[in-house]
Structures are given as structure tokens and as C-alpha cells.
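**Q** I am attaching a structure below and will ask some questions about it afterwards.
The values are calculated or read from the model by the stated rules, or taken from the named source; none is laboratory data. Owing to the predicted nature of the structure, the values given are computational and were not obtained by experimental measurement. Here the Cβ positions follow ideal geometry from the backbone for every residue, glycine too, while neighbour counts run over all protein chains shown. SASA here: full protein model, heavy atoms, side chains in, ligands and nucleic acids out. Shrake-Rupley method; radii C 1.70, N 1.55, O 1.52, S 1.80 Å.
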Amino acid sequence: MTVHPLCPALATAERRQMVVMFCDIAGSSALAARMDAESFGALIVAYRRLVAATVERHGGRVARYVGDGVLACWGHPRARDDDAQRALAAALAIRAAFAPSGPHALSLRIALDAGFVIVGDLAAGAAQSADVVGEAPNAAAELQAAAAPGEALVTDSLRALAGHAFVFESLGERRLKARAAPEAVFRLA
């Protein structure tokens, strides 16, 4: 990649097709208000560890933590033909682990998308793992915010890569700020 004249940090970044998942705890502000700071902090640490372990077990990696949100991705540093299936399996496992009847009983909102991103050291040499930016992470974050607690939503871009191993319920088209045109959205059953 050639060095971008306005951003030398892009010299180490690359454009990749990736699958991204954004999840967060629904109602985390109200939850934090009901708990002491130490207990809430311990809950966030345990939640992040379980999500990260599940993502890694399914061949992905955590790109970043944003408050109680987790941005995970598949397709870097190594892309696989089944990255979409791996990401969807991780989303189902995370949703099950945190379901009201599950062992960790938190309401999560999850969304997944696939598309081209820029991935790499975007902090101009800071000691961080590779960051991921672009339309796909933005669409996943936006769609996650629109999901109901306990829901996992998927864009048509990702559903098209999923094959027939998963069940989706159509929710119609939605206008996402991260997209130039409305996109079909599905609930992962």
C-alpha cells in the first residue's frame, strides 16, 4: 500500500473483506446505577472475557472495546472461506451464554455485517492491536443499537455469505447511515 499523503499511519494498514460483529449490554447504564462500581467493573471484565473467548474459539478476534461494547472481526490476519459461518456461530453462542435462562443472564444486543474495511495500526505507531474502520463496523454498530435486547441482527451483506446452515427472519429494509442505500436486515433465529 502506498503511503497516504494525509495519514502516514495508513502505510501499514490494508483493505480487507471482513466479517464484523458488534455486541453490547442492553440497559448497561441502568445496571451500573443499581450496582456498586467494583461489582459493575467485575461484571464488565467477566462479560468481555467470555465474549473474547467465544470469538477466539470461533476463529475471530476482538478488535476493540467501546464501553461495554465489543467489536469483533473475522478475516484478519487470516481470511477463511467460512468466516461468515464462524461469526454467526459465535453470535449464537454468545447470545445463548447471556440469555435470561443462560449461565450469565445479561441482555445483549448483537449485530453482524460483512464488507471492506481498513485494518492495521491506525494509531500512528501506538502499541495497539490492529484497528478496524470502515462501513462494515459502522453498520454493525448502528444496527446493534437498533436491536432489541436478546436479538442478533444481520445485514443482507452477511446473510448472503452464510449459506444454509442458519435460519434468518426478514425484518425488511432499513436505512443505515453507514450505507448509501437501504439494506435488507434479518434476525438470526
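**Q** State all residues of segment 132-150 that are in a loop (DSSP other than H, G, I, E, B) and either under 11 Å from ALA111 (Cβ atoms) or touching a residue at least 24 places away in the same chain (Cβ under 8 Å) (or both); if no residue qualifies, say none. Working first, answer last.
**A** Initial filter on segment 132-150 (in a loop (DSSP other than H, G, I, E, B)): 134, 147-150.
Residues satisfying the conditions are ALA147, ALA148, PRO149, GLY150.
**Q** Only one of (1) touching an Asp or Glu at 6+ places or on another chain (Cβ under 9 Å); (2) closer than 18 Å to LEU188 by Cα fails for LEU92. Which number is that?
**A** Of everything listed in (1) touching an Asp or Glu at 6+ places or on another chain (Cβ under 9 Å); (2) closer than 18 Å to LEU188 by Cα, LEU92 misses just condition (1).
**Q** Could you check how many residues of segment 55-75 are more than 20 Å from GLU14 (Cβ to Cβ) and open to solvent by 20 Å² or more (accessible area, probe 1.4 Å)? Give the derivation first.
**A** Filtering segment 55-75 down to residues more than 20 Å from GLU14 (Cβ to Cβ) leaves 55-58, 65-70.
Of the ones still in play, those that are also open to solvent by 20 Å² or more (accessible area, probe 1.4 Å) are 56-58, 65-68.
Summing the residues that are more than 20 Å from GLU14 (Cβ to Cβ) and open to solvent by 20 Å² or more (accessible area, probe 1.4 Å) in segment 55-75 gives 7.
**Q** Moving on. Mind listing whichever residues of segment 20-54 are farther than 18 Å from ARG95 by Cβ and surrounded by fewer than 14 Cβ atoms within 10 Å (Cβ to Cβ)?
**A** SER29, ALA30, ALA33, ARG34, MET35, ASP36, ALA37, GLU38, SER39, GLY41, ALA42, VAL45
**Q** Another question about this same structure. Would you tally the residues in segment 161-189 being open to solvent by 50 Å² or more (accessible area, probe 1.4 Å), part of a loop (DSSP other than H, G, I, E, B), over 22 Å from ALA93 (Cβ atoms) and not basic (Lys, Arg)?
**A** 3
**Q** Would you check which residues across segment 84-116 are farther than 13 Å from ALA162 by Cα and in a strand (DSSP E or B) and list them?
**A** Correct list: LEU108, ARG109, ILE110, ALA111, GLY115, PHE116.
**Q** Quick check on my filter: what residues within segment 76-91 are modelled with pLDDT under 95 and surrounded by 14 or more Cβ atoms within 10 Å (Cβ to Cβ)?
**A** HIS76
**Q** Go through segment 130-162 residue by residue and tally those that are of a type in the set (Val, Ile, Thr) and more than 13 Å from ARG187 (Cα to Cα). Walk me through it before giving the result.
**A** Within segment 130-162, the subset of a type in the set (Val, Ile, Thr) is 132-133, 154-155.
Narrowing the set further to residues that are more than 13 Å from ARG187 (Cα to Cα) leaves 132-133.
Residues that pass the stated criteria total 2.
**Q** Modelled with pLDDT of 95 or more, in a helix (DSSP H, G or I) and out of contact with any Cys (no Cβ under 7 Å at 6 or more places or on another chain) - does that describe any residue in segment 29-38?
**A** Just the residues of segment 29-38 that are modelled with pLDDT of 95 or more, to begin with: none.
No, segment 29-38 contains no residue that is modelled with pLDDT of 95 or more, in a helix (DSSP H, G or I) and out of contact with any Cys (no Cβ under 7 Å at 6 or more places or on another chain).
**Q** Let me confirm something: among LEU158, LEU153, which residue is crowded, with 18+ Cβ neighbours inside 10 Å, part of a strand (DSSP E or B) and not acidic (Asp, Glu)? Before you say what the answer is, go through the steps one by one.
**A** Working: LEU158 fails: part of a strand (DSSP E or B).
Going through LEU158, LEU153 in turn, the sole match is LEU153.
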